[in-house]
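Below is one structure, written out as structure tokens; comments come after it.
The values are calculated or read from the model by the stated rules, or taken from the named source; none is laboratory data. These numbers come from a predicted model, not from an experiment. Cβ: placed from backbone, ideal geometry, glycine included. Neighbour counts: every protein chain shown. With ligands, DNA and RNA removed, areas are computed over all heavy atoms of the protein, side chains included. Shrake-Rupley method; radii C 1.70, N 1.55, O 1.52, S 1.80 Å.
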Amino acid sequence: MDFQTNWIIAATGTDAVHAREAGFTCLHLCSRLSADGTFSLLSHPASSRGDFLGIADSNSVPKKCQSFAFDAVSAAESRGCTGIMADFERPLLQDLTRALDRETQRSGLQLLIPLALAEYAPHACVIADTAVSGGSLEDRFSELLQRFGTEKLAAQLVCSCADFPLPCANPEGTALTREEFHSLLNRTGATVFFSRELCAKYFTYSSGDQAHFVLFDDADTLRAKVRILTRLGVNRLLVIYPDAKEMGLL
């Protein structure tokens, strides 16, 4: 594992303390777009200097976007944060994303946003998911690097698991919990394979007349994705604390 990579680990409580003690940057998901449409702090991490303040989406309607952005930046600055991660993907949040982009640019903070809202934050670093169900992971990130460049692209590593009936029009399939996955694998007795193109593991099974394709990640596939991404030049990687432990980072 390349420890020179710029890792950002999403963690809370004692997990965040352990990640910081190991020398990693933390993402503290301690604020949100509140039910009344304003910026709301949910908790106050004891130490967050050099880390990222995460803002969750509560599916409410934002009010006074510029005021929200000012409050978010003020909270990040008062805690010594390097930047803000806005976990937004709804089209409704375009104006709020623009306001955060302007305010973080003015204050010198970094802004991380999901790929879906990239066009509304020209100064931000976009986060692309590494779970792909078609094509090639390497081709996808090669194209993203051409579009955004190394400094404005981050990759999010997630242990995803989904069931796809064949044929399937939904590229995300049906998400499976860890318990559902293990129960299905044990019940079907299917053989697990590795897809080099998707950089994920999979197995197939039949239910009645319907064929199914189950695509999933584990610590091995996440490490394989890291090798591909770092070779391409993607050096900012996000991962949640449990997956970081599984991968041997902590």
* Mean separation of Cα contacts under 8 Å (6+ apart) over length of the chain, as relative contact order % -> 18 percent
* Using a 1.4 angstrom probe, figure out how much accessible area region 77-117 has per residue, in square angstrom, rounded to the nearest whole. => 42 Å²
* Pick out which of Leu109, Leu238, Leu184 has the largest mean-square fluctuation in a Gaussian network model of the chain, springs linking Cα atoms closer than 10 Å. => Leu184
* Structure fact -> Measuring from the longest principal axis of the C-alpha atoms of the chain, the long axis of helix 137-148 (C-alpha) lies at a number of degrees, nearest 10, equal to 20 degrees
* Structure fact -> Of Ala169, Ala124, Ala56, the most mobile residue in a GNM of the chain (C-alpha springs, cutoff 10 Å) is Ala169
* Determine ³J(HN,Hα), in whole Hz, for all residues of region 33-39 in sequence, where each value follows from phi through the Karplus function 6.51 cos²θ - 1.76 cosθ + 1.60 and θ = phi - 60°; x replaces Gly and Pro. => 7, 6, 4, 8, x, 10, 6
* **Residue among Leu238, Leu184, Ala219 farthest towards the positive dipole end of region 177-250, charges placed on Cβ** => Leu238
* Structure fact -> Rounded to the nearest Å, the spacing of the alpha-carbon centers of region 131-159 and region 193-228 is 18 Å
* For region 101-106, 3J(HN,Hα) per residue [Karplus equation, 6.51 cos²θ - 1.76 cosθ + 1.60, θ = phi - 60°, Hz, x = Gly/Pro] -> 5, 5, 6, 5, 5, 5
* **Pairwise Lys count, the chain - Cα closer than 22 Å, eight or more residues apart or different chains** => 4
* Structure fact -> Of Thr191, Thr204, Thr97, the most mobile residue in a GNM of the chain (C-alpha springs, cutoff 10 Å) is Thr191
* Nearest 10 degrees, 0 to 90: helix 65-78 Cα axis against the chain principal axis -> 90 degrees
* Structure fact -> Carbon plus sulfur, as percent of the 1.4 Å-probe accessible area of region 78-160, comes to 43 percent
* Asked: DSSP loop GluC sites (Glu not before Pro) in region 151-250 with at most 15 other Cβ atoms within 10 Å of their Cβ, which ones?
  -> Glu172, Glu197
